[in-house]
Amino acid sequence: MQEKTHEQKLAEFEARIARGEKIEPGDWMPDEYKKNLIRIISQHAHSEIVGQLPEGKWIPYAPGFRRKLTLIAKVQDEAGHGQLLYRAAETLGKSREEMMEELLTGKAKYANVFNYPTPTWADVGVIGWLVDTSAVINQTMLAQTSYGPYARAMKRICYEESFHIKQGYDAVATLARGIPAQRAMAQDAINRWWYPTLMMSGPPDKISVHTDQAMRWKIKTKTNEQVRQEFVDLIVPQIRALGFDVPDTNCYLDEATGHYHYTQPDWEELRRVVNGDGPCNAERLAVRRKVHEEGTWVREALAAKQSKTPKAA
Amino acid sequence: MDTQWETYEVFHQTKRGDAHVHVGSVHAPDPQMALQLAKDQFARRLKCVSLWVVRTKDVTATDYQDDGFFAQSTDKSYRDPKAFESPEKAVDDEH
Ligand SMILES: [Fe+2]
Ligand SMILES: [Fe+2]
């Protein structure tokens with residue numbers, strides 16, 4: 001049998017994607033597709049892992065036992081999401097050890113939002129409500145991705161995220177019905193998270209070098225701007241329904257388009273925060289390293305167990 | 001320390017009588033630990049009555065590249081119940 005040329009393989013690959021079929025591990029794929037996916041999935045995995053930290057620190061102080069249990073469950077879900085995504089990235093040939101190492105050494109990038117502080121209880125609610133809503137819109141889109149293992153992980157994750165949003169909204173709605181100080185605390189949290197959450201969907205597509213190829217091969221099926229607009233259209237009425245203000249005096253429903261107009265965030269700030277210079281980058285990495293170190297005895301115990309297990313012949 | 005470990009494929013049964021369905025995989029140092037981690041990862045919310053874990057490397061799979069493997073060279077309609085005369089239809093036609 002004649003070996004297929006690169007052009008033939010590429011044509012078959014693109015035709016498969018055009019038919020709406022998924023690419024599976026072991027299929028031929030262009031190097032750029034693989035590289036792009038490893039970058040996106042590993043950054044996504046790191047975001048889930050680091051995403052535990054801003055909220056996790058509130059577990060000891062959650063108001064009431066039910067909220068504490070809920071928050072533990074949410075944070076545990078995020079850890080699980082990280083592991084699912086590391087597995088998805090591994091199917092492309094990069095090991096989990098390697099990715100964890102990149103995170104611990106500060107080489108890896110992860111979502112900008114997790115580098116902002118959580119000084120009040122309202123931050124926990126607002127993260128669940130705003131940040132997870134934005135994440136779900138992105139992840140629902142990614143559940144359609146052309147790469148099978150990533151699509152499967154996303155479907156499982158999206159199901160759990162709806163619980164994250166609900167519990168966050170519930171916490172903020174409770175504050176909304178509270179005393180003036182509680183309402184003010186919630187409004188303050190909304191003010192601080194608004195722009196970082198808008199940045200989450202990524203810079204405008206003109207600036208995004210990766211979007212083109214990602215769209216062509218259906219790694220993503222929507223542009224950053226589309227995802228962000230969907231978020232704004234969904235969340236602005238929710239914020240206003242609770243009697244809170246959107247911290248953007250130029251945010252209004254454009255009757256002509258049916259979409260909300262909003263002020264673009266500061267893209268220079270996004271660049272800085274993603275590249276390591278946000279308010280909490282150093283703290284997040286320090287905590288991540290510390291818990292990794294504190295978990296050494298668990299890994300040692302498991303490794304000892306492994307060496308006692310008879311290997312399959 | 002190496003914590004890469006082997007991977008185990010995880011199969012989840014929602015209720016007795018259902019098939020075990022592949023849901024993903026976990027890293028683990030041994031099968032018992034794989035079950036424990038599979039429970040944490042895949043059965044911490046939805047109902048589950050049974051989990052299987054199988055070492056990934058023990059799975060023998062077909063090759064996506066080898067599309068000849070599933071190619072049907074002849075008419076297989078003789079395997080399809082719809083390709084035959086139906087007693088129910090005969091009874092219906094009678095009425
Ligand atoms: Fe998540
Ligand atoms: Fe989440």
**Fill in**
Exactly one of A:93, A:26, A:82, A:64 is within 16 Å of ligand 2 (Cβ to nearest atom) and either in contact with a Gly (Cβ under 6 Å, 6 or more places away or on another chain) or closer than 30 Å to residue B:39 by Cβ (or both), and that one is A:82
**Request:** Assess whether residue A:74 counts as being in contact with a Gly (Cβ under 9 Å, 6 or more places away or on another chain) and away from chain B (no Cβ under 13 Å).
**Result:** no
**Asked** Do we have any residue at all in segment A:52-60 that's of a type in the set (Gly, Ala, Ser), more than 14 Å from every other protein chain (Cβ to nearest Cβ) and open to solvent by 60 Å² or more (accessible area, probe 1.4 Å)?
**Response** no
**Asked** Which residues, taken from segment A:64-89, are away from ligand 1 (no atom under 13 Å from the Cβ) and open to solvent by 10 Å² or more (accessible area, probe 1.4 Å)?
**Response** A:64, A:65, A:66, A:67, A:68, A:69, A:70, A:72, A:87
**Request:** Quickly run through segment B:1-41 and pick out the residues that are without any contact (Cβ under 8 Å) to a residue 40 or more places away in the chain, of a type in the set (Ser, Thr, Tyr) and more than 7 Å from every other protein chain (Cβ to nearest Cβ).
**Result:** B:14
**Request:** Pick out the one residue from A:154, A:100, A:141 that is crowded, with 23+ Cβ neighbours inside 10 Å, in a helix (DSSP H, G or I) and more than 11 Å from ligand 2 (Cβ to nearest atom).
**Result:** A:154
**Prompt:** open to solvent by 40 Å² or more (accessible area, probe 1.4 Å) and either within 20 Å of the chain's Cα centre (by Cα) or at pLDDT 95 or above (or both), is that true of residue A:272?
**Reply:** yes
**Asked** Can you spot a residue in segment A:24-32 that is in contact with a helix residue (DSSP H, G or I) (Cβ under 6 Å, 6 or more places away or on another chain), surrounded by fewer than 21 Cβ atoms within 10 Å (Cβ to Cβ) and of a type in the set (Phe, Trp, Tyr)?
**Response** yes
**Request:** Answer yes if at least one residue in segment B:76-83 is of a type in the set (Phe, Trp, Tyr) and assigned to a strand (DSSP E or B), and no otherwise.
**Result:** no
**Asked** Which pairs do you get when a residue that is within 12 Å of residue A:123 (Cα to Cα), found in segment A:42-65, comes within reach of a residue that is away from ligand 1 (no atom under 16 Å from the Cβ) and open to solvent by less than 30 Å² (accessible area, probe 1.4 Å), reach meaning Cβ atoms under 7 angstrom, with the pair 6+ apart or on two chains?
**Response** A:54/A:118; A:55/A:118; A:57/A:118; A:58/A:118
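The values are calculated or read from the model by the stated rules, or taken from the named source; none is laboratory data. As the structure is a computational prediction, the values presented were derived from the model and not from experiment. Heads up, the Cβs are rebuilt from the backbone with ideal geometry, glycines too, and the neighbour counts pull from every protein chain shown. Side chains are part of the model used for accessible areas, which takes the heavy atoms of the whole protein and leaves out ligands, DNA and RNA. Shrake-Rupley method; radii C 1.70, N 1.55, O 1.52, S 1.80 Å.
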